[in-house]
Structure formats: structure tokens, C-alpha cells
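*Asks:* Sending over a structure as C-alpha cells; questions will come in a sec.
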Amino acid sequence: MSSSPSPAPARWFKALRRTRPEEPYLKNCTVDCVDLLRRTRAAFQAGRTTKENFRLAQLEAVARMLEEHECDFVDALGRDLHKPRFETVLSELVLVKNEVVHAINNLKKWMQPQHMERNLSTTLDSCLVVSEPLGVVLIIGTWSSPVQLCLAPLVGAISAGNCAIVSPSVCTPHTAELLHRLIPLYLDNECFHVILAGTNDLPEVVELKFDHVFFMGNREEGSRVAQTAARALTPVTLLLSGKNPCYVDQHCDIATASQRIAWARFHNGGQSIVAPDYILCHADVKARLVEALKCRLVQFYGCNPRESHSFGRIVNLETFNRTRDVLWRSGKVAVGGQVIEAEKYIAPTILTEVAESDPVMQQEVFGPVLPVLTINGVDEAIAFINKQEKSLCVYAYSSNNKVISRLMSETSSGSFCSNDCVLQSLMVALPFGGVGASGMGSFHGRYSFDTFSHRKSCLLRSTQLECVTYLRYPPYEDRNLSLMTWASTLSQRSQGWCQIL
């Protein structure tokens, strides 16, 4: 901890008030944020974040915060999402700890300049790419994984040497307020801050001159953030939700596939941007798959999932009502379908006889609803997926490597995983992000470091080859042009290419 904590995490949070229980927000948020941004930028310009030792100390503080307050995070997520301790520890805390450890282990290498290829005219010079921090970045988290999707990007921002202002989702108020309380106790009070801004306040906050905005959430809000940031010429990373397809081939281990799909779709109460949103199932195995999924739900949550300590609840009534309405207007309920508004409970539900035009296929669904559509092979599956907007994830289950290869190469998505779900998004060595309608940019590990860095081109020249470079000066002559072209052209190392030339 680089400086002692203030009596309150930020004096202007005294203005905090609530319009409804699940959405605290700041009064005069933009005015107060201007002052906060000014002070944070002053800290950055003073060079507080540039030293490797400072970055390592802040990363270690994040890990220590997670270790010392594991029970607090478990309690907060339990209150916000009815999230089981098992899921909180594995999908939230362990993932962020892995990000921290990976960054600590590799930070020195990431910070080193990269030496690049030279031509003859620069043979005595140094061609470097230097990673420098962007400045003050804004990280806007989402409620589906409110710890992971705030702190994992923050690890990247710290590693790259930035100051950061974090805005956790107020849809998970207990977790947001816990982050607001803890981060100032562990991280440098001048460089890292938390704001609790309501959804309606975010565009005004984004409109301020940040050096980068990292946003996670739905497409509608992401579009507004991107448009607002564009007006200030602020670069953005967008990690957006959508509809992730899951193809189940006729050549497939149904028992394993059903187990992995059911876990991926229904963990966290079905509220995950990386969960499979719908199944494209080969007609030959549809009946067996649906039956296997039913069995898995009983195995996971018992005959009455409402009583299970392993099954979550919908985050708020707005999301509950939207999910319930979509459920009631789509397909046929094969299992589940029960809803209890007072508890924001929707039973894990599988829908069959779903049409492409049904609401469940036309809207983003953050809830425990899994539609199963019938198709007649990989060609139809690829055509169906490619008709939709590009998704964050594509999943495929098959024992045929050619089928897997085709799904991977003939569809476009932010990420791809075969014979499992979600795990590709948890690997710190793999970039995770969207493409097209599912977002832009990526994070995790080195990719987070690069996202929050400017890769500056640097040429460190000597004056010793003026006997060659003088040829570039006027008056121009064809002979000098030939010599300069020869000296400036990179040599081709491929023997086959040289033969073609």
C-alpha cells in the first residue's frame, strides 16, 4: 500500500444516494468526477506508476485484498446473485489471482523494449518498440461477474503503468460497495479510485477525457459508450454480450456434452456472457441430448432447484421480467419453466420446438433458459451461425476432428472452444474479447498489458552512415535512387520466394 487510506474512500461519495435498492448512484457525478480525474492525472504525470517496483507492489496488493477478504466477496456475491461460494471462488477470485500471478511473473519481460528488424541503411541503429502507459483509464464492469470483470482488467491497467478509475456495476450493489470500500485500503489512493455511477450517469463520465475506456456489458449500453467516447476521441475496448451458439454433432459423447453444457449454461443462474445461449443439435441425437440434459439438471440441482444451494437467482426484477417474458413466448418447455417473482427465481429451463423467429432467439437472455434447435448437419449449423451477428463465443461438440476444424475455420467469433464451454475465457495466456457485434479489443495476461499500453516506435540513429544516407538529399539523381532503394529494402529470407523473384 503506497499511501495511507483516507477516512472515507473518497470525500465526494458522501453524496451517494439510492433511487431503488439495487441501484445506488452519485449525485453530481460528472462534476465530482472531473475533480477526481484531475487529481488522478496529476498523479500519473508525476510518474508514480511508471516504476516496475510500484506496479509489482500494486499487483501484490490486489492479491492480498482477495486473500484477506475472500469471505466478504463470497458474502457480497451471495447477497447480490445468490452465487454459491464454489462459483465465487473459482470463477471470480481464482481467475483474478491467476491474472495477478501471471502479470508478476512476466512484468519485467513485458516492460522491456522489443528490438525490430532493420535494413542496410539502419544497420548501425536501434529499432525499438517501447510499451508506454496510456495514462488514466476508465474500467466499467458488468454485473454478471462483478469481481472478475472489474479486477482482471484492472490488473492489466496496473501492469501497463496506468492510473485507473473503476466503475463496478450498481446492479450488484453489495459487491460494488465492497470494491468501493476495499480498493482504497489496498491500492495507491492517488492513482486508483472507485466510482459508483448509475447507468444513466456513465455517458457523462465517459465524455470526460480519459486515455482509454474498457467497457463490459450489453450491446445497447456498449454502443452508447462507444459513441460518447468517440466524441472525445477516446479509444475503447468493448466486451459485449450476445448469443453464443453451441453445435452438437451426431458423432458426439452425449453424456459428457450434456454435463458440460448444463454446467456452462446454468451456473450463476444462467447469467454469463460466455455461456452457450442456444444449441444447434443434429436431429439424430436431439431426443437423447434433451433427456441427458434433464438428468444433468436433477443431478446438479435436485428435483427442486429452488432449494439447491448451488443455484443462483436473477440479479434484479428488470432482468427477471425480461427473461420470464421471453421464456413464456418461446418454444415448448421440456423441463423447468417455474418462476417466483418475489425471489427473482427462474428454474433451469430447456426449451424445444424453438423457431428462429421466437423471442428467445432474437434477444439477449441473461437467465437459466436453454433453447434447443434442430438442424441436419454441420453445413446447416455453419450457415445458421453465419447468418447471425458475430458472437463472443462459438462452441462445438463432436468426436470428428474435421467437423471441429470446419466450425472453427468457417465461423467468426471472439473465441472458440470444442467439446467444452467457458474454459477458453478463463485462460490467462489466451486473449479474450469480441469481434464485430460482440465487441472490439481483448484482455487477459499480455493482451491486457498491450490493451492498456501505447506501442511507441523508436529509431535511435547514429551519424556514422552519412556516407550512404547523403544519397537521399537533393538534387535527386537516378543513380542515387537505385542505391537508396537497395539500401532501404529488406532482404527476403525465403529461398522459394527468391527463386520466384
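The values are calculated or read from the model by the stated rules, or taken from the named source; none is laboratory data. Note that the structure is predicted; figures quoted are calculated from it, not measured. Neighbour counts run over all protein chains shown; Cβ positions are idealised from the backbone, glycine included.
*Asks:* Which one is nearest to I382 (Cα to Cα), of the residues in the range 412-443 that are buried (at least 21 other Cβ atoms within 10 Å of the Cβ) and among the polar types (S, T, N, Q)?
*Replies:* The selected residue is S413.
*Asks:* On the given criteria, is F300 within 18 Å of Q362 (Cα to Cα), among the aromatic types (F, W, Y), free of Cβ contacts under 8 Å to residues at least 60 places away in the same chain and surrounded by 14 or more Cβ atoms within 10 Å (Cβ to Cβ)?
*Replies:* Answer is no for this residue.
*Asks:* Kindly indicate whether S415 is hydroxyl-bearing (S, T, Y), under 28 Å from K97 (Cβ atoms) and not in a helix (DSSP H, G or I).
*Replies:* Considered against the rule, which asks whether it is hydroxyl-bearing (S, T, Y), under 28 Å from K97 (Cβ atoms) and not in a helix (DSSP H, G or I), S415 comes out as yes.
*Asks:* Can you name the condition, by its number, that A226 falls short on among (1) buried (at least 22 other Cβ atoms within 10 Å of the Cβ); (2) assigned by TED's automatic domain parsing to the domain that holds V137?
*Replies:* Just one mismatch for A226, condition (1).
*Asks:* For the range 132-186, which residues satisfy the criterion of being closer than 29 Å to V365 by Cβ, part of a loop (DSSP other than H, G, I, E, B) and not β-branched (V, I, T)?
*Replies:* G141, W143, S144, S145, P146, P168, S169, C171
*Asks:* What is the number of the single condition among (1) closer than 17 Å to P235 by Cα; (2) more than 14 Å from the chain's Cα centre (by Cα); (3) among the aliphatic types (A, V, I, L, M) that M440 does not meet?
*Replies:* In the conditions (1) closer than 17 Å to P235 by Cα; (2) more than 14 Å from the chain's Cα centre (by Cα); (3) among the aliphatic types (A, V, I, L, M), M440 misses (2) alone.
*Asks:* Counting only residues that are in contact with a strand residue (DSSP E or B) (Cβ under 6 Å, 6 or more places away or on another chain) and crowded, with 22+ Cβ neighbours inside 10 Å, which one in the range 250-260 is modelled with the lowest pLDDT?
*Replies:* Of everything passing the filter in the range 250-260, C252 is modelled with the lowest pLDDT.
*Asks:* Checking V129 against (1) of a type in the set (V, I, T); (2) in contact (Cβ under 8 Å) with a residue 40 or more places away in the chain; (3) within 21 Å of S425 (Cα to Cα), which test does it fail?
*Replies:* Unmet condition: (3).
*Asks:* I need every pair where a residue in the range 46-69 that is over 13 Å from A160 (Cα atoms) has its Cβ under 6 Å from the Cβ of a residue that is aromatic (F, W, Y), sequence separation at least 6 or different chains.
*Replies:* Qualifying pairs under 6 Å: A61/Y186; M65/Y186.
Table: residues versus (1) farther than 30 Å from T49 by Cα; (2) without any contact (Cβ under 8 Å) to a residue 12 or more places away in the chain; (3) not assigned by TED's automatic domain parsing to the domain that holds C252.
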position	(1), (2), (3)
A381	yes, no, no
Y397	yes, no, no
N400	yes, no, no
S405	yes, yes, no
S413	yes, no, no
G436	yes, no, yes
T469	yes, no, yes
E477	yes, yes, yes
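*Asks:* Would you confirm, using the coordinates I've provided, whether S145 is of a type outside the set (K, R) and closer than 23 Å to V428 by Cβ?
*Replies:* yes
*Asks:* Continuing with the same structure: Considering every residue within the range 307-322, establish whether at least one is without any contact (Cβ under 8 Å) to a residue 60 or more places away in the chain, surrounded by fewer than 20 Cβ atoms within 10 Å (Cβ to Cβ) and under 28 Å from E380 (Cα atoms).
*Replies:* no
*Asks:* Another one. Please find, within the range 208-223, the residue that is nearest to the chain's Cα centre (by Cα) out of those that are among the charged types (D, E, K, R) and surrounded by fewer than 16 Cβ atoms within 10 Å (Cβ to Cβ).
*Replies:* E220
*Asks:* Among (1) in contact with a helix residue (DSSP H, G or I) (Cβ under 8 Å, 6 or more places away or on another chain); (2) of a type in the set (S, T, N, Q); (3) buried (at least 16 other Cβ atoms within 10 Å of the Cβ), where does N119 come up short?
*Replies:* Condition (3) is where N119 drops out.
*Asks:* Sticking with this structure for a sec: Filter the range 44-62 down to the residues that are of a type outside the set (D, E, K, R) and buried (at least 18 other Cβ atoms within 10 Å of the Cβ) and list them by number. Steps first, please.
*Replies:* At the first step, the residues of the range 44-62 found to be of a type outside the set (D, E, K, R) are 44-47, 49-50, 53-54, 56-59, 61-62.
Within the range 44-62, F44, T49, Q58, L59, A61, V62 meet the criteria.
*Asks:* To continue, here is another question. For the range 37-111, please list each of the helices (runs of 4 or more DSSP H) lying entirely inside it that holds at least 2 residues being of a type in the set (S, T, N, Q).
*Replies:* Counting at least 2 such residues, we get 52-68, 95-111.
*Asks:* Restricting attention to the range 362-386, and to residues there that are assigned to a helix (DSSP H, G or I) and in contact with a Leu (Cβ under 9 Å, 6 or more places away or on another chain), which single residue is surrounded by the fewest Cβ atoms within 10 Å (Cβ to Cβ)?
*Replies:* Applying the filter and picking the extreme gives E380.
*Asks:* What are the residues in the range 316-343 that are under 21 Å from A262 (Cβ atoms) and part of a loop (DSSP other than H, G, I, E, B), if any?
*Replies:* Those that are under 21 Å from A262 (Cβ atoms) and part of a loop (DSSP other than H, G, I, E, B): S330, G331, G336, G337, Q338.
*Asks:* Kindly indicate whether T199 is closer than 28 Å to I140 by Cβ, modelled with pLDDT of 95 or more and polar (S, T, N, Q).
*Replies:* No.
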